Amino acid sequence: MGKFFNIGRHFWRNFTTRMTLVTIAVTIIVWFLPRTEGHMYHYDINRPWMYGQLIAKFDFPIFKTEEVFKAEQDSIRAHFRPYFQKKSHVEQLQIARFRNDYAGGIPGLSPDYVNIIAQRLQLVYNKGIMDPVRYNELRKDTASSIRLVDGKEVSDVALGTLLSTTAAYEMLFASEQMIKNRNILQQCDLNEYIEPNLVYDAERSETDLSDQLSTIAAASGWVQEGQRIIDRGDIVDEATYLKLNSFEQAMEKHNNSDEEKLLTIIGQSLYVLILVMLFTIYLSLYHKEYFAKPRSLIMLFFMIVLFPVMTSLMMEFNKFSVYIIPFAMAPIFMRVFTDSRTAFNAHVAMVLICAVAVKYQYEFIIVQIVAGLIAIYSLRELEKRSQIFLTAILVTLGSAAVYLSLQLIQSDDFSKLDQTIYYHFAANGFFLLFSYPLMLVIEKAFGFISTVTMFELSNSNNPLLRKLSQVAPGTFQHSIMVGNLAAEVAHKINAGGQLVRTGALYHDIGKMKNPAFFTENQAAGVNPHDNISEIDSAKIITAHVTEGLKLAEEHNLPTVIKDFIRTHHGTGMAKYFYINYKNSHPDEDVDPEPFSYKGPNPETREQAILMMCDAVEAASRSLREYTADSISEMVNRIIDTQVKEGYFTECPITFHDISRAKQILIERLKNIYHTRIQYPEQTAKN
């Protein structure tokens, strides 16, 4: 009864986790999807109408486009005449101040010059003086006149008849009497008596401008109830486009009810839920192991959520074409870090969700699915950076080709084809190049390791591997041999060959702490274990796992590589020292703990392969003779013992995989340790 209770609890826990993940994904996507109250049609200028005949259900105005409306506003602003108030007291005040300052006359000039200058000041003030900054702004805006308010009278005055303070000062000297004594008069600082007497009337100007702008009609005509707007197959011209756009706006206002909004949200939620659930069911049926890897699962759902959100935002702000979004980046990441089938299923779900937010869903879906397939096919194995460049080119060309084919199907005139879209495809290809640097971000964020990173880690010039080859050369050679054997086994049983090779190179790095205590690094006849107890020897041997994990942590090795270090001996024992200790202490109940590794046992097929190859390669060095029978017996005995002791019960490796691994290891070891033929010696002639 307890067993069934545990099974039921485990089922409901998994079910709850998956439904929570699905709910979160659906909620985020639907939250960002664009809302459309009323009918929503997808149409564009110079494209055929894809729906049936459209009849106006009520009268509605034909609204002007934003460009037309703004152009009319700009025209009014360009011809607007601002208001200025004439301040007569400024003239009186400044002339009176001048007369008071020079009541005794101007030194060096006749007394009548005070009256002459006062008259000149009155002349320039009668012309009208403006602040130079305001005057220059009006001239720059090509204003021809202003509205001058003088008391209760308002008149139009040409801007060319007015003066700035600088021009007024020059006009002051524009007479023969003033010019001939200019040197003396300049010492009087006459500019101090020139002040603007025309002041900008902001309140009246803004009010009048607002009144004029308000007279602009938002509509350029009307559509009557029952009037045909467009029929299926008709080409949408500019006039019809305005009618359709106005019809949708009118429909939104006419049917803008809470019930319709709710129905829209329900429809979107149901649509997205179906697609996300289908992808989740696919994982449950074919890749249950991903549910045991939270990071893999989160990455897949993150991609499915991210691109619909980006598409919705792009459509909401309507700044660029959605075709510049590199949708193929998602299947690239999913192919590199998971598998091709999962990448394709996730990409299809993502594209179908994005299609809700875009115009021309049919074209969008076809183009993006083709782009995703090209990306997946071109990256079966990502081994070098240039592959991303090639993929970007192929995706760009493939997207452009399939879009061109769809255009040719719909149009019979090559000159009418939309050519601007191909610039968007080029931009898409450029953004796709950022997949390579972003791949590193994905690796770090979700704890993955790409093939490119594995190639970099496998380089023998890597500082850690170079140190291993110097400090423990025997261990380094052993690791290379194990890596080669494991990679060949992995390739034959469709496991991760490059992954297991990389893990093999690092699985014994902990032996660098005490290299001389390991057989492969010992000089002939020198064995430091002879001078210590079996328990101490076992501690040193088993400690190479923990020491390896410390080194891996210090050198920031990926988690998946650390797992190879942690599991390559599983929960096994240093049997040589354990058996020797038991033999020398026959009456003692020996505790196996000091002789045991901490584990855990292998959890993946690749880790199981490494455990088999590591044990087999190490044991092969101690064979007395290398014959087909001895190699076959040794391989079968070691791997059968590992199976019997339960080292592979926690990983998804099958008996068929193990059988194939045995065959491959036997053949490889026979080739490595084959017996050379004895060459005969030439006998001397008598």
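The values are calculated or read from the model by the stated rules, or taken from the named source; none is laboratory data. Remember, predicted model here, so these are calculated numbers, not experimental data. Methodologically, a virtual Cβ is constructed for each residue, glycine included, from the backbone with ideal geometry; neighbour enumeration extends over all protein chains shown. We work out accessible area using only protein heavy atoms, side chains counted, and drop any ligands, DNA or RNA first. Shrake-Rupley method; radii C 1.70, N 1.55, O 1.52, S 1.80 Å.
Conditions tested, residue by residue: (1) surrounded by fewer than 21 Cβ atoms within 10 Å (Cβ to Cβ); (2) farther than 18 Å from A343 by Cβ; (3) at pLDDT 95 or above.
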residue: L373; (1), (2), (3): yes, no, yes
residue: E381; (1), (2), (3): yes, no, no
residue: R385; (1), (2), (3): yes, yes, no
residue: F389; (1), (2), (3): yes, yes, no
residue: L406; (1), (2), (3): yes, yes, no
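Scanning the range 321-361 for residues being without any contact (Cβ under 8 Å) to a residue 40 or more places away in the chain, open to solvent by 10 Å² or more (accessible area, probe 1.4 Å) and either not β-branched (V, I, T) or not in a helix (DSSP H, G or I) (or both) gives a total of 1. Is at least one residue of the range 570-590 buried (at least 21 other Cβ atoms within 10 Å of the Cβ) and in contact (Cβ under 8 Å) with a residue 60 or more places away in the chain? Yes, the conditions are met somewhere in the range 570-590. Here K416 does not fit the description of being among the charged types (D, E, K, R) and at pLDDT 90 or above.
Any chance the range 163-181 includes a residue that's in contact with a Lys or Arg (Cβ under 9 Å, 6 or more places away or on another chain), assigned to a strand (DSSP E or B) and either under 17 Å from I95 (Cα atoms) or not aliphatic (A, V, I, L, M) (or both)? Among the residues of the range 163-181, at least one is in contact with a Lys or Arg (Cβ under 9 Å, 6 or more places away or on another chain), assigned to a strand (DSSP E or B) and either under 17 Å from I95 (Cα atoms) or not aliphatic (A, V, I, L, M) (or both), which makes the answer yes. Among residues of the range 421-473 being of a type in the set (F, W, Y) and assigned to a helix (DSSP H, G or I), the one that is surrounded by the most Cβ atoms within 10 Å (Cβ to Cβ) is F425.
Looking across the range 591-637, the residues that are part of a helix (DSSP H, G or I), in contact with a His (Cβ under 9 Å, 6 or more places away or on another chain) and open to solvent by 20 Å² or more (accessible area, probe 1.4 Å) come down to A615, A618. Within the range 102-124, not a single residue is in contact (Cβ under 8 Å) with a residue 12 or more places away in the chain and within 60 Å of the chain's Cα centre (by Cα). Could you tell me whether the range 245-258 includes any residue that is open to solvent by less than 40 Å² (accessible area, probe 1.4 Å) and outside any helix (DSSP H, G or I)? No, the range 245-258 contains no residue that is open to solvent by less than 40 Å² (accessible area, probe 1.4 Å) and outside any helix (DSSP H, G or I).
So in the range 493-513, with the set limited to residues that are assigned to a loop (DSSP other than H, G, I, E, B) and in contact with a Ser or Thr (Cβ under 8 Å, 6 or more places away or on another chain), which one is surrounded by the fewest Cβ atoms within 10 Å (Cβ to Cβ)? Among them, the one singled out is D508. Close Cβ contacts (under 7 Å, 6 or more residues apart or on different chains) running from residues in the range 145-168 that are in contact (Cβ under 8 Å) with a residue 40 or more places away in the chain to residues that are of a type outside the set (G, A, S) and open to solvent by 70 Å² or more (accessible area, probe 1.4 Å) comprise S145/R81; S145/D156; I146/R81; R147/R81; R147/D156; D156/R81.
Among the residues of this structure, E195 does not count as one that is assigned to a loop (DSSP other than H, G, I, E, B), touching a residue at least 40 places away in the same chain (Cβ under 8 Å) and out of contact with any strand residue (DSSP E or B) (no Cβ under 8 Å at 6 or more places or on another chain).
Can you find even one residue in the range 185-197 that is among the charged types (D, E, K, R), out of contact with any helix residue (DSSP H, G or I) (no Cβ under 8 Å at 6 or more places or on another chain) and modelled with pLDDT under 85? Among the residues of the range 185-197, at least one is among the charged types (D, E, K, R), out of contact with any helix residue (DSSP H, G or I) (no Cβ under 8 Å at 6 or more places or on another chain) and modelled with pLDDT under 85, which makes the answer yes. Among the helices (runs of 4 or more DSSP H) confined to the range 526-585, the ones with at least 1 residues that are within 22 Å of I509 (Cβ to Cβ) and basic (K, R) are located at 534-554, 559-567.
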